[in-house]
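Working notes, beginning with the structure itself.
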Amino acid sequence: MSTLVCVKRVVDSSSEVVLTEDGQAVDGRYAGFTMSAHEECAVELAVRIGAATVMTLGDADAVEQLRAALAVGCEAATHVVADAQAFGPADVAREVAAIVRDGGHDLVLLGNDAADTGDFQVGIRLSYELGWPVVNGATLVSVDDGVVTAEVDGPDGHETYRVPLPAVVTVLEGGVAPRYPSVPGRMKAKKVPIEERQPSAAPAGPARVRLLLPPPAPSTVQVLGKGPEAAAAVVDLFEQLGVLAR
Amino acid sequence: MATVPASAKVVVIGAGIVGNSLVHHLARLGWRDIVQLDKGPLPNPGGSTGHASNFIFTVDHSREITDLTLDSVKQYQEMGVFTQSGGFELARTEERMEELRRRMSSARAWGIEAELVSPDFVKEKVPFIETDQFIGAFWTPGVGVVDSLRAGTIMRERAMELDALTVVANVEVTGLDVEGGRIRRVRTDGGDIETEYVVIACGVWSPKIGDMAGVSIPLTPAVHQMISVGPCPQLAEREGEISFPIVRDMDTFCYERQHGADMEVGSYAHRAILHEPEEIPTIEQSKLSPTEMPFTSDDFDPQLEQAYELMPELLGAEGAEMRYAINGLLSLTCDGWPILGESEVQGLWTAAAVWIKEGPGVGRAVAEWMVNGHSEIDVSHSDIARFHPHQKRREHTRLRTTESFIKTYGIIHPAEQYESDRDQRLAPMHESQKKLGAVFFETGGWERPFWYESNAALLDQYGDAVMPREHEWDSRWWSPIINAEHLRMREAAGVIDLSAFEIFDIAGPGALAAVQMTCVAQCDVPVGKVVYTPVLDAAGGFRSDLTVMRLGEDHFRVVTGAAHGPADRQWFARHVPDGTTLTSRTDDVVTIGLWGPRARDILAGLTSDDVTDGGFGFLTCREIQVKGTAVLASRISYVGELGWELYVAADDAAGVWDTLLESGAAHGAVPVGIGVYGTTGRIEKGYRAFGYELDAERSIVEAGMQRPKVKAADFVGRDAYLAQRARLDSGEAPASVLCTLVVDDHTSASGVKRYMLGGEPILRRDGGTLTDGHGHHPYVTTAGSAPSLGKHLLLAYLPPEEAVIGNDLAVSYMEELYPVTVGSVDATPLLDPANERLR
């Protein structure tokens, strides 16, 4: 039993998103880089399942995300050294599949979707490429006796999937709290050798024209008035909200 | 929330620890109509205060910084936001132990309780530390942590209770309007404010705001990395934020500071990571806050291992995770000092590059300075007016802070020189000096020869009279050649490059009034007279000491040192009325000193002008021809020898320099460096230096510089000075008396002879403490060889009852006591007390 978890170096998007000038990527100057919250949960689940290898496709800086996963318990790491911007979802799925075939992994965990491009593609394409079953949007994943149990909270309620290994699962955040690295974990991660690979084929590309930021959300602030004159309006509002009894 | 008022007396920009402290003290001192702005929300607007580790170690080698820190601690305590924890500074090496012994000297000098302790002592208080990682520690029980955000809120509230303050948060300053050299208006995105005063107290953003008024505030935002590891069971089981002493692991440039159940590990060991103020993200763009930049873990990894070695059980505890990690921004300057005071734009003040440990003290000092014109704690090292033009460039700050960042916990020799961005200001005779093997030290950007290797041959001639130093630390940044040059100067003559002098001319109908108002000494003297004078602040403390030459009825030339020159120039400029000009001559006039018993013979051989004592008296100046070159000669001396300062046009200076050396050689003259001029020459004569013996906390009376009469004309500090004299006349002893002490025996316990370098405490022979009338303990203001006396001398202010010739005392150096004797008190020089050599 061997688990592969896939992560992508992305800009931390928990603050205002700034695009690069060419619109092809998110600018990480201020916010820094991370893996997405979905992937952090996928890593946590992979570590709990055990014998986890982490992989990424990206430039030299992406090693930072591999080390971060190693620091919280992944045991090995594979780095496909490539310009992630030049790779579309099909390209990435092909590279992950190549690692799976070479590495003999029987469970692949991915984030539900990438935090920067939001394509929702790689998991499905990977399962097609490998001919394996896939569960999307699982918040909890466990393995018992060759069977993967994946819990999914859908719009119609809670679903539990049981699929035989080998399988692909894409993980949605919320089921587990990803751990922070410990000091010994971080020190150990520094010493783990990272397997470097070249892409197995030239990428077809993402076919992306450019990223666009959505228009800023309209302000929901409503000024009720200024000074003592505003008091009546505030009382009205509190009554509407049920904070004060009418 | 308050809206932006249309007018104010003063606008304080920034609501970090400095701005908050400032509004409190301005209000306390009686100012009203204070407006405080910040572009962020309160109480944490997102600057460096918000992510500070908030601990305070009280001992610093600098008295100014220590005093500001101690004052801050008092204020934090009074506000109830100080928690005492104690603190250790660890030594992993013997070299560091020696530095900790030097730290003990500073602790004793500044009167701070401290002790050198064993690893076991540390382990008793910090049970999770590994004692095999270090060999000793410096223990300061008074170390503690503060809540700097809470302190800020308290201080703002106090100002608001006095109806003195309007605080407007979430408002960004967009411009500063300067009219006629004065600040007039602050423009903000919430409206404009007409104002008399503005204080830029916005930390890492200060340069950007200063630029709006054309004022350089040369600091750079720099990263200090910090992580927080927890929950650690060893910490969690104790109540409160901090119950274990803070540990500074000096040799790995790290600290470990408990914060509740977490251990914060901070580092100054990584590469210098600098940012530009304009590049700091906005509040919206930043993940945590603008000054909590994304953590770059690679930079921190080596420190993580060292911290783990020191506290493996704690940092490796089950469940302890790195749950917070930042590249926190703080402010660094090219020389490590804060940036305080009024800029060249009148009414536009700065208070930046200040740490949490100095914040409230700085707030008080700057407020006093604004309201009264001077502060109780002397902050002249931090004066924004100190910067020379080359220091105002961002590139200079960037290069110097890149070099100095790693020295934050470093062992820094008091004479240590920067390596980066040197050669900014070269004397016209620089090439000649290089050929002479000059060893250059920097002052105000000037490369000044400290000694000349070409004089090494003199070492054999003088033998042990050059007082060689066998200990590496004592002889670092020093050479016995200095003492050889000294002896040759006293025996024959020396030629000294003084190009670094700050020189400015005051000319016009208001010139006399301007110098009279700024100088203590009578400047209404005949044309051609040279006046040496203290310059005081209104409280009677020293602002400077310098010389003034009257070159014409309405024309004075002021000559002062390079280090404090720009501040002196700004001070004089503020007293020059319209219609009278102040012109810097620093770059176009070069000063060359010629001193020694043969100086007159040398000069006489180069000029047909009368340079006899009768024809060219002491403290006079006039133009003479030196080999056909016009030279303004001034008969004065800072080394206690017959001779002149020769003021030469820059274009002629290299020629005159060569002429003096060539002609002087026949008389035994050699080039002599600043090692003699700045230390050995003056210390034998008891001549004081600004920044060492003279500062705003000492008076003319204490320095023994009072003259028989006080001029009738008014001058800044006159009332205070008259009061000091009146107290003396009534029999009241001054608070302290400047003395020259002679070291009687240099032999250390190991047998190695040791030589003090300055800053050491003066104690009773038995090691007992002395206290002067200020409540301060005496310390060495200048230490240096006196080769002509064969002694090592120390200058120090002693309590008056101890200032008795022959009094047996001791100096503590590296935690050993050496016997010293008071050699002279007041102005009396040990060498040539009758000043016969000057004739």
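A short reminder: the numbers here are calculations on the coordinates, not readings from a lab. Because the structure is a prediction, the values reported are computed rather than measured. Counting neighbours? That spans all protein chains shown, and the Cβs are built from the backbone with ideal geometry, glycine included.
Can you list which of the DSSP-assigned H helices in chain B have a Cα extent of 30 Å or more along the long axis and an average Kyte-Doolittle score of at least 1.0? Mind showing how you got there, number by number?
Details: long enough: none.
None pass (Cα extent of 30 Å or more, hydropathy at least 1.0).
How compact is the range A:142-221 by the rule of thumb for globular proteins, expressed as Cα Rg over 2.2 N^0.38 Å?
Numbers: Rg = 20.6 Å, N = 80, 2.2 N^0.38 = 11.6 Å.
Cα Rg divided by the expected 2.2 N^0.38 Å: 1.77.
Quick one: work out the % antiparallel among DSSP beta bridges in the protein assembly as shown, nearest 5.
Details: 152 of 206 bridges.
In the protein assembly as shown, approximately 75 percent of DSSP beta bridges are antiparallel ones.
Write down the percent of antiparallel bridges among all DSSP beta bridges whose residues are both part of chain B, to the nearest 5. Present the calculation step by step, with values, prior to reporting the outcome.
Details: 135 of 163 bridges.
Taking every DSSP beta bridge with both residues in chain B, the antiparallel ones total about 85 percent.
Using Cα pairs closer than 8 Å and at least 6 residues apart in sequence, work out the relative contact order for the range B:502-670, in percent.
Relative contact order, the range B:502-670: 22 percent.
Can you work out the FRET efficiency for the pair B:Gln461 and B:Lys407, with r the C-beta to C-beta distance and R0 = 25 Å, to the nearest 0.05?
Values: r = 38 Å, r/R0 = 1.54.
That gives a FRET efficiency of 0.05.
Would you work out the relative contact order for the range A:3-197, in percent, from Cα pairs under 8 angstrom that are 6 or more residues apart?
Once normalised by length, the contact order is 27 percent.
Hull surface divided by four, with the convex hull built on the Cα atoms of the range A:3-197: how many nm²?
Numbers: hull surface 43.9 nm².
With every direction weighted equally, the projected area is 11.0 nm².
Inside 10 Å of the C-beta atoms of B:218-229, what's the mean count of C-beta atoms belonging to other chains?
Working: counts 0, 0, 0, 0, 0, 0, 0, 0, 0, 4, 1, 5.
If you average over the peptide's residues, the count of other-chain Cβ atoms is 1.
Across the range A:99-246, how large is the tail of the calculated P(r) beyond 21 Å, expressed as a percent of all Cα pairs? List each step's numbers first, then the result.
Details: 7425 of 10878 pairs.
Tail of the P(r) past 21 Å holds 68 percent of the pairs.
Note the angle between two axes, namely the Cα long axis of helix A:89-103 and the longest principal axis of the Cα atoms of chain A, as a number of degrees from 0 to 90, rounded to the nearest 10.
Compared with the principal axis, the helix lies near 40 degrees.
Express the relative contact order of chain B as a whole percentage, based on alpha carbon pairs under 8 Å and six or more residues apart in sequence.
Details: 2020 pairs, mean separation 97.9, N = 839.
So the answer I get is 12 percent.
Which lysines have a Cα less than 30 Å from the Cα of B:Lys791, not counting those fewer than 8 places away in the same chain?
Reachable lysines: B:Lys685, B:Lys753.
From the helices alone, meaning DSSP H stretches of at least four residues, give me the mean residue ellipticity at 222 nm for the protein assembly as shown, per-run term -39500 (n - 2.57), in deg cm²/dmol to the nearest 500. If you can, show how the numbers build up before the last one.
Numbers: 28 runs with 273 residues, N = 1085.
Using -39500 (n - 2.57) per qualifying helix, the result is -7500 deg cm²/dmol.
So what does the Cα-only Debye profile of the protein assembly as shown read at q = 0.04, 0.06, 0.10 Å⁻¹, as log10 I(q)/I(0), no solvent term?
-0.27, -0.58, -1.28
If amide hydrogens are placed 1.01 Å from N in the peptide plane, which non-local residues have theirs closer than 5 Å to the one on B:Asp744?
Residues meeting the amide H criterion: B:Val820, B:Thr821.
How large is ³J(HN,Hα) for each residue in the range A:153-165, as worked out from phi by the Karplus curve 6.51 cos²θ - 1.76 cosθ + 1.60 (θ = phi - 60°), to whole Hz, x for Gly and Pro?
For the range A:153-165, the Karplus-derived couplings read 9, x, x, 9, x, 8, 10, 10, 10, 10, 10, x, 6 Hz, x marking Gly and Pro.
Quick one: Debye curve from the alpha-carbon atoms of the range B:516-561 only, equal weights, vacuum; give me log10 I(q)/I(0) at q = 0.20, 0.22, 0.27, 0.32 Å⁻¹ to two decimals.
Reported log10 I(q)/I(0), two decimals: -0.59, -0.70, -0.96, -1.20.
On alpha-carbon atoms, Rg over Rh for chain B using Kirkwood Rh? Provide the component values of the computation, followed by the final result.
On the way: Rg = 27.6 Å, Rh = 28.4 Å.
Across chain B, the Cα-based Rg/Rh ratio is 0.97.
Please express the Cα-Cα pair-distance distribution P(r) of the range B:338-405 as a list of whole percents, one per 10 Å bin, running from 0 to the bin with the greatest distance.
Calculated P(r), rounded to whole percents: 19, 49, 27, 5.
Over 21 Å between C-alpha atoms is what I'm after, so list which of B:Lys287/B:Lys357; B:Lys529/B:Lys711; A:Lys8/A:Lys190; B:Lys39/B:Lys287 land there.
Details: B:Lys287/B:Lys357 27 Å; B:Lys529/B:Lys711 16 Å; A:Lys8/A:Lys190 19 Å; B:Lys39/B:Lys287 17 Å.
Pairs exceeding the cut-off: B:Lys287/B:Lys357.
Against the 2.2 N^0.38 Å scaling, with N counting residues, where does the range B:502-670 land? I'd like the Cα-based Rg ratio to two decimal places. List each step's numbers first, then the result.
Working: Rg = 16.3 Å, N = 169, 2.2 N^0.38 = 15.5 Å.
Its radius of gyration relative to the 2.2 N^0.38 Å reference: 1.06.
List the trypsin sites (Lys or Arg not before Pro) within the range B:615-705 that fall in a DSSP loop (any state other than H, G, I, E or B) and whose Cβ has at most 16 other Cβ atoms within 10 Å. The partial results should precede the final answer.
On the way: sites: B:Arg622, B:Lys627, B:Arg635, B:Arg682, B:Lys685, B:Arg688, B:Arg698; in loops: B:Lys627, B:Arg635, B:Lys685, B:Arg688, B:Arg698.
Passing sites in the range B:615-705 are B:Lys627.
Taking the Cα centre of each part, how many Å lie between the range B:161-220 and the range B:649-712?
Between the Cα centre of the range B:161-220 and that of the range B:649-712, the gap is 42 Å.
Cα centroids of the range B:229-305 and the range B:600-624: how far apart, whole angstrom?
Using only Cα atoms to place each centre, the spacing works out to 65 Å.
Would you mind ranking B:Val559, B:Val626, A:Val192, A:Val168 by Cβ crowding within 10 Å, fewest neighbours first? Walk me through the intermediate numbers first.
Details: B:Val559 25, B:Val626 22, A:Val192 16, A:Val168 30.
Neighbour counts put them in this order, fewest first: A:Val192, B:Val626, B:Val559, A:Val168.
Specify, per residue and in Å³, the volume enclosed by the convex hull of the alpha carbon atoms belonging to the range A:64-166.
Numbers: hull volume 13.0 nm³, N = 103.
Hull volume normalised by residue count: 126 Å³.
Tell me the Kirkwood hydrodynamic radius of the range B:271-357 in angstroms, computed as one over the mean inverse distance between distinct C-alpha pairs.
One over the average 1/r among Cα pairs gives 16.4 Å for the range B:271-357.
Name the residues whose placed amide hydrogens come within less than 5 Å of the amide hydrogen of B:Thr166, ignoring near sequence neighbours (fewer than 5 apart) on the same chain.
The list, which skips near neighbours in sequence, is B:Ile34, B:Val35, B:Gln36.
Need the full-extension length gain, B:Glu662 to B:Ala538, defined as separation in residues times 0.36 nm minus the C-alpha distance. One decimal, nm. Could you put the intermediate results ahead of the total?
Values: separation 124, 0.36 × 124 = 44.64 nm, distance 4.79 nm.
Value of the extension gain: 39.8 nm.
So for the range B:352-484, considering every pair of alpha-carbon atoms, how many percent are separated by more than 21 Å?
Details: 5321 of 8778 pairs.
When every Cα pair of the range B:352-484 is considered, 61 percent fall beyond 21 Å.
Just counting partner chain Cβ atoms within 10 Å, what average do the residues of peptide A:176-188 show around their Cβ? Please list the in-between numbers first.
Working: counts 0, 0, 0, 3, 10, 8, 9, 17, 7, 3, 11, 6, 0.
Mean inter-chain Cβ contacts per residue within 10 Å come to 6.
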